[in-house]
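Just so it is clear, none of the values below were taken in a lab; they were calculated from the coordinates. Computed from a predicted model, the values in this text were never measured in an experiment. Here the Cβ positions follow ideal geometry from the backbone for every residue, glycine too, while neighbour counts run over all protein chains shown.
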Amino acid sequence: MTVTAEQVLRTNIKKFRNAKKLTQEELSEMAGISRDYLSEIERGLRFPSMKRLDMIAVALGLDTYKLLKP
């Protein structure tokens, strides 16, 4: 079974968010995006632009590439 970039991204965002004990609401506020949008990303309904991906990574204190690394 092939793992897609979307699956890796949504798994990693949720994993890093939970590791920092952040709710979706807290992370979305820190990243400057809506909680609904973050929820849709984590559920695989949306794929963020590079700009939004960078905003999420900064809020998590990560380099952006780590969100896409299997």
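Listed here are the residues, each with its yes/no results for (1) among the hydroxyl-bearing types (S, T, Y); (2) buried (at least 17 other Cβ atoms within 10 Å of the Cβ).
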| position | (1), (2) |
| --- | --- |
| E6 | no, no |
| T11 | yes, no |
| N18 | no, no |
| Q24 | no, yes |
| G44 | no, no |
| R52 | no, yes |
| M55 | no, yes |
| K69 | no, no |
Item to complete: Starting from the range 42-60, keep only residues that are touching a residue at least 40 places away in the same chain (Cβ under 8 Å), then list their pairs with residues that are assigned to a helix (DSSP H, G or I) and among the charged types (D, E, K, R) whose Cβ atoms are within a distance under 8 Å, requiring at least 6 positions of separation or different chains.
Response: F47/E6; L60/R17
